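Derivation of every value follows stated rules applied to the coordinates shown; laboratory data play no part. The shown structure was predicted, so the numbers you read here are calculated from the model rather than taken from an experiment. With ideal geometry, Cβ positions are generated from the backbone for all residues, glycine too; neighbour counts draw on all protein chains shown.
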């Protein structure tokens, strides 16, 4: 535990779930990472820090490494009576030290609010990319034939192979661990793989809600990219959602991922204008 006048900072645990939930529901100062991991499910992992003043929650910050060397900022929240800069100054230095001890070599943030950007920049983060959103609104998706192979539903026995596909398909900060892939599968509305010569060579995972569907992940092994596999996966899932009566499907990708953008545009997706900056910093052992 690291102490300040009237303050204490410690690792949050399961007994803090109710107080952190109350904090998140009562403050405007909160950053939550945009993916399928509920930050509260990370309680007990390192680093997940809780700042207390006189025993009451003042703020929290969670960035456990996943993938193993990347500490994504998954949660940063500040109670209404405190300033974000003060809490960030208390929590980030300790969290970054713990992240390095846990194996992280870099940290990253997918910015969900402009208020956080100055704090990141002051701490040495750099704006490295943007995540942009696109949307499909029910245009008839074309059938995309595959010369070799077919699209089928994902199975649990695919996970290890697909985690390797994921690792080889993305830069380090965008990779998913095997555990994250399992979580995605559990929450998926539709999860499919494209299989060639009896082996999965790509996959997609999509979620759904009353507001529409979202293609949360699309990956194709590097040696199979450019052969229509990604386009076939997206076309197939659009047709599956269309048969379920869904006419609104969103997706996001990096602004510099021209290959993915080409696939989505050719299948009728259009940019929505929503854009989330990506900030990164190299973590140096202390």
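The table below lists the values:
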quantity: Between 0 and 90°, nearest 10: helix 17-26 axis offset from the chain longest Cα axis; calculated: 80 degrees
quantity: More than 28 angstrom apart: percent of Cα pairs within the chain; calculated: 41 percent
quantity: Cα long-axis angle, helix 159-169 against the chain (0 to 90 degrees, to the nearest 10); calculated: 90 degrees
quantity: Three-way shape call for region 2-124 based on the alpha-carbon gyration tensor, with the a/c threshold at 1.5; calculated: rounded
quantity: Inter-site label distance for residue 128 and residue 8 at 7 Å from Cα along Cβ, in nm; calculated: 3.6 nm
quantity: Region 133-276: Rg to Rh, with Rh as the Kirkwood radius over Cα pairs; calculated: 0.93
quantity: 0 to 90° range, to nearest 10: angle between helix 178-187 axis and the chain longest Cα axis; calculated: 70 degrees
quantity: Ranking of 27, 192 by count of other Cβ atoms within 10 Å, fewest first; calculated: 27, 192
quantity: For 82, 143, order by how many other beta-carbon atoms lie within 10 Å, fewest first; calculated: 143, 82
quantity: Difference of contour (0.36 nm per residue) and Cα-Cα distance, residue 117 to residue 223; calculated: 34.4 nm
quantity: Per-residue Cβ neighbour rank within 10 angstrom, fewest leading, 16, 81; calculated: 81, 16
quantity: Förster-model FRET efficiency, 25 Å R0, residue 209 and residue 265, C-beta, rounded to 0.05; calculated: 0.55
